[in-house]
Amino acid sequence: MEQAATTLTAILAHPLFLTVWVLTMLPSLAILLWDMRVRNAHLMPLMKWVWALTVIYSGPVGLAVYGWSGRKEIPADGAWRRAARSVAHCYSGCGMGEIAGLVLTVGILSLSTAWVAGVTFAFAYAAGFGLTVGPLMQEGTPFGAAVRDALWSETPSITVMEIVAIGVDLTLAGDAGMGDVLFWSSMIVSLTCGLIAAYPVNLILIRMGIKQGMMDPRNTDHAHG
């Protein structure tokens, strides 16, 4: 186990890892943007941002999630695909918070591990929470009701996602700073681990009726200029 961890760290610390990552992420993002412009322009603006951020964070993995669950071309919809859209929605906000938290606490302030974990979790939770409350209020939900709904429906998903993501990042990155390849490559890996870990949580919440999941992409119909 220790040998495997050492080997993984050595791979992540090599500049080639980030090079390969960029060479796979950028084409994935280009494919996504083309598809949303040409074939799926009807998607809600919020979901377009969700999918773009998901691919920026997770590259081909994010593109695969979009292709399987986020396009009008899906053959059918159900709890499994709704959970994928739901976790991507959560992921897009939490990812921004996690990146900001790690850059601030590790890269700029060089805080201790406990502070890194606590502040990064708070940033990620606030971003994911806000991405839920904001759209609910835009739909006409009162602020108090939107907050209660977000607390009840999003807290389990965000908590699992960030415990896994932050834990993986701190384990892999060690003492790496912003000038080290390992700092960024560990962040990439940790974000995707958080996405995967939170997926079954969202599936369970949907099956329990706590979450509805994001709208079937075949049923969205919004005008675009």
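Read-outs: derived from the displayed coordinates by stated rules, not from any lab. These numbers come from a predicted model, not from an experiment. Every residue, glycine among them, receives a Cβ derived from its backbone with ideal geometry; neighbour counts consider all protein chains shown.
What the pair-distance distribution of region 135-183 shows, using all Cα-Cα distances binned every 5 Å from zero, is 4, 18, 15, 13, 11, 10, 9, 11, 8, 1 percent.
Would you mind getting me the FRET efficiency between LEU23 and ASP149? Use the beta-carbon distance for r and R0 = 35 Å, nearest 0.05.
The calculated FRET efficiency here is 0.30.
For the chain, the mean residue ellipticity at 222 nm estimated from helices alone is -26000 deg cm²/dmol, where every DSSP H run of n ≥ 4 contributes -39500 (n - 2.57) and the total is divided by all residues, rounded to the nearest 500.
On a full-extension model of 0.36 nm per residue, what is the gain between ASP216 and TRP49, subtracting their alpha-carbon distance, rounded to one decimal in nm?
Extra length available between ASP216 and TRP49 comes to 58.5 nm.
Placing dummy labels 7 Å off each Cα toward the beta-carbon, the span from ILE31 to SER110 is 4.2 nm.
Quote the FRET efficiency, to the nearest 0.05, computed for GLU73 versus ALA122 with a Förster distance R0 of 30 Å and r equal to the Cβ-Cβ distance.
Details: r = 39 Å, r/R0 = 1.29.
Here the calculated transfer efficiency is 0.20.
Across region 62-210, the relative contact order, built from alpha-carbon pairs under 8 Å that are at least six residues apart, equals 27 percent. For the chain, a crude dipole built from +1 on the beta carbon of Lys and Arg and -1 on the beta carbon of Asp and Glu, taken about the Cα centre, is about 700 debye to the nearest 20.
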